Amino acid sequence: MFEDLTIPRILPLGAILFNFVFLLVAIPLEAYVFNKRLNFDKKTSIFYAISVNHFSSALGWAIFFLLEPVLPIYLKSELINYVFFNTFKSSNTQSVLILTTVIIFFTTVIMKFFLLQIFVFFLKEDAFKKKEEVPVTQQKPQRRRWRVPRKVRFESTNLVTTTLIANALSYSAITLILLIRNR
């Protein structure tokens, strides 16, 4: 499977520029959503949007380059045709493309959610501070101590919803740009 991995001789400049435009559109939109829905300040929301989008973009390209060598020949040919010439040979390819974009959308939402959750956890100011020892008489009972507080569940749900909204907004903007470009 990995013996066919080689460095390409021709760069798909259109795909590289499209990825750059995608990041230029997605980062401000997602930063705005993070700012409004998660109540981050502007600097923090921009930092999270940049980090999440660049990491998910890099992971997406890595997954693409790992999966591309194992694609069937007809899909490779359609992919090359679309990347270099912006056309499809077969009409069946459009249905495969629609299915693929739906899978990519939800995979990206999940990836961005986990990345955002990791960034929020590790970049909290009090994440690695040592907790003060509480006397045994003031400790909560064992059963109540291990329950997940409602606030944590609410914040996680809010993070999922915000990530879904931000990703949907950025993908909608990119789709609009693609529709305008193809006119």
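The values are calculated or read from the model by the stated rules, or taken from the named source; none is laboratory data. Since the structure is predicted, the reported quantities are computational estimates derived from the model, not experimental observations. With ideal geometry, Cβ positions are generated from the backbone for all residues, glycine too; neighbour counts draw on all protein chains shown.
Miscellaneous remarks
- Selection count, region 85-104, where residues are modelled with pLDDT of 85 or more and either exposed (fewer than 13 other Cβ atoms within 10 Å of the Cβ) or polar (S, T, N, Q) (or both): 5
- Selection from region 41-70 of residues that are without any contact (Cβ under 8 Å) to a residue 24 or more places away in the chain and crowded, with 18+ Cβ neighbours inside 10 Å: Ser45, Ile46
- Yes/no for Gln117 being polar (S, T, N, Q), part of a helix (DSSP H, G or I) and at pLDDT below 80: no
- Here Tyr82 does not qualify as aromatic (Phe, Trp, Tyr), within 28 Å of Leu179 (Cα to Cα) and modelled with pLDDT of 90 or more.
- Residue in region 57-78 that is in contact with a Lys or Arg (Cβ under 6 Å, 6 or more places away or on another chain), at pLDDT 90 or above, part of a helix (DSSP H, G or I) and not aliphatic (A, V, I, L, M) present: no
- The number of residues in region 35-56 that are under 18 Å from Ser170 (Cα atoms) and in a loop (DSSP other than H, G, I, E, B) comes to 0.
- Single condition Phe34 does not satisfy, out of (1) in contact (Cβ under 8 Å) with a residue 24 or more places away in the chain; (2) under 21 Å from Asn19 (Cα atoms): (2)
- Selection of region 80-98 for residues being hydrophobic (A, V, I, L, M, F, W, C) and over 17 Å from Leu17 (Cα atoms) yields Phe88, Val96, Leu97, Ile98.
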